[in-house]
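Presented below is the structure to which this report refers.
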């Protein structure tokens with residue numbers, strides 16, 4: 001109850017005055033303007049009479065954006081600055097009265113030195129194009145997609161794309177399981193075809209296949225024939241090539257059921273971390289599931305504990321992953337601006353401090369003819385192991 005009311009107060013505060021400054025450095029230092037965008041839906045939550053909901057009723061569709069903003073605010077209030085000052089402004093990316101397109105058209109955000117966004121779809125494209133036009137960095141903090149953006153050397157994708165995850169899985173298999181039977185199990189679907197295509201392109205890029213990858217297409221969620229594609233004498237590496245939860249559950253259930261005869265290691269897609277069966281204790285008993293993620297936070301460090309203490313005191317609750325992402329995005333990337341204001345993109349990997357995650361940003365060229373990077377993307381991915389409801393870092 002208190003969290004809901006506290007978030008209502010945060011909404012009111014943002015609605016009333018969403019600009020504030022963090023001034024840890026001397027006043028004569030340069031001030032950098034940072035725009036932080038998140039979907040708050042303020043126009044849907046407030047009307048001419050004020051807040052539309054009671055303190056007992058809070059719209060769930062605003063929570064993720066609010067948690068991101070709350071994490072960003074905690075970072076601005078706590079991070080030390082030695083090379084400059086930060087003037088940060090929060091923007092509601094889902095505003096009806098001041099949409100991103102109007103902010104750009106009216107030159108309301110022309111003075112920004114850096115954009116940090118928990119945005120997707122049209123707002124993502126609009127901000128990416130604006131950043132390219134203005135030659136300022138746009139940190140896409142949570143959207144795991146390039147959005148069709150090309151030739152934009154100012155776009156930074158923190159939450160790695162599906163293609164990057166497939167590349168990481170392939171690299172791991174090439175180094176550790178090159179002689180084992182590898183089976184990519186999928187169903188019909190656009191995303192599934194993309195996954196299979198990514199692995200094929202990586203595997204055949206030098207004109208010959210480095211790994212022996214067999215693709216098994218499942219129809220009507222019938223996995224009864226899967227075992228006939230597996231090796232009963234050696235361990236099988238199974239790639240769950242679908243982002244569908246029902247498919248993933250049935251594949252994992254089948255692999256666990258036949259594991260004694262057809263030993264296997266199951267590696268799923270990055271969105272499997274959000275599937276209910278992965279975190280439940282008794283769904284698959286002792287059969288582990290592996291998946292990749294760019295975010296790993298054991299929440300044992302001092303900054304995580306500070307965030308937890310704030311939420312416990314203020315909301316009588318625990319912070320969500322979006323809170324930590326908002327905190328890290330500002331703490332890391334806004335501070336980086338004060339260190340390398342004149343060559344930000346050339347120093348993306350030069351931060352001397354770790355917040356929660358390790359990042360390795362590399363330029364992505366979607367075409368060999370590309371003259372400039374299409375964007376920069378985080379290529380540092382963690383392999384996670386989920387078994388019996390417990391999730392740990394595997395490698």
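Here region 52-184 is treated as an ellipsoid with the same Cα gyration tensor; its semi-axes, largest first and in whole Å, are 33, 21, 18. Each residue, residue 362 and residue 194, gets one label point 7 Å from its Cα in the Cβ direction; the gap between the two is 2.0 nm. State whether region 215-263 is rounded, prolate or oblate according to the following rule on the C-alpha gyration tensor (a ≥ b ≥ c being the square roots of its eigenvalues): a/c under 1.5 gives rounded; otherwise a/b larger than b/c gives prolate, and the remaining case gives oblate. Verdict is prolate for region 215-263.
Result for the chain in a Gaussian network model with C-alpha springs under 10 Å: among 242, 93, 209, the largest mean-square fluctuation is at 209. Shown is the FRET efficiency for residue 210 and residue 297, computed with R0 = 41 Å from the Cβ-Cβ distance and rounded to the nearest 0.05: 0.75. Match the structure shown to one of the listed values [x] 26.2, 86; [y] 22.8, 72; [z] 20.4, 66 of Rg and Dmax of the Cα atoms in Å, computed from it, and give that label. Recomputing Rg and Dmax of the Cα atoms in Å here picks out [y]. Here each label is just a point 7 Å from Cα along the line to Cβ, and for residue 263 and residue 369 those points are 5.0 nm apart. The alpha carbons of region 222-362 give a radius of gyration and a Dmax of 20.6, 60 Å, in that order. Computed over the chain with a Gaussian network model linking Cα atoms closer than 10 Å, the most mobile of 41, 375, 172 is 172.
Using a cutoff of 8 angstrom between alpha carbon atoms and counting only pairs six or more residues apart, the relative contact order for the chain works out to 19 percent. Taking the fewest neighbouring Cβ atoms within 10 Å as the starting point, the ordered list for 245, 192 is 245, 192. Between helix 2-16 and the chain there is an angle of about 50 degrees, using the helix long axis and the longest principal axis of the Cα atoms.
May I ask what percent, to the nearest 5, of DSSP beta bridges between residues of the chain are antiparallel? Roughly 35 percent of the DSSP beta bridges within the chain come out antiparallel.
Given the C-alpha centroids of region 120-158 and region 191-263, what is the distance between them in whole angstrom? Measuring centre to centre over Cα atoms gives 33 Å. Relative to the first principal axis of the alpha-carbon coordinates of the chain, what is the inclination of helix 121-134, with its axis defined by its Cα atoms, in degrees from 0 to 90 and to the nearest 10? For 121-134 against the chain, the angle is about 60 degrees. Here the calculated FRET efficiency for residue 43 and residue 77, from their Cβ-Cβ distance with R0 = 25 Å, stands at 0.40, rounded to the nearest 0.05. Extension gain, residue 171 to residue 351, is 62.2 nm, computed as 0.36 nm per intervening residue step minus the present C-alpha separation.
Once the Cβ-Cβ distance of residue 340 and residue 224 is raised to the sixth power relative to R0 = 41 Å, the FRET efficiency obtained is 0.10.
Considering only 188, 164, 75, the Gaussian network model of the chain with Cα springs below 10 Å gives its largest mean-square fluctuation to 188. Projecting label points 7 angstrom from Cα along Cα→Cβ for residue 245 and residue 61 puts them 1.9 nm apart. Compared with the dominant principal axis of the Cα atoms in the chain, helix 245-257 is inclined by about 40°.
Dividing the mean sequence gap of close Cα pairs (under 8 Å, 6+ apart) by how many residues region 162-216 holds gives a relative contact order of 51 percent. Across region 84-222, the mean sequence separation of Cα contacts (distance under 8 Å, 6 or more residues apart), normalised by length, yields a relative contact order of 16 percent.
Values quoted throughout were computed directly from the atomic coordinates according to the rules given, and no laboratory measurement underlies them. Just so we're clear, the structure is a prediction, and the values are computed from it rather than from any experiment. Note that each Cβ is placed from the backbone with ideal geometry, even for glycine, and that neighbours are counted across all protein chains shown.
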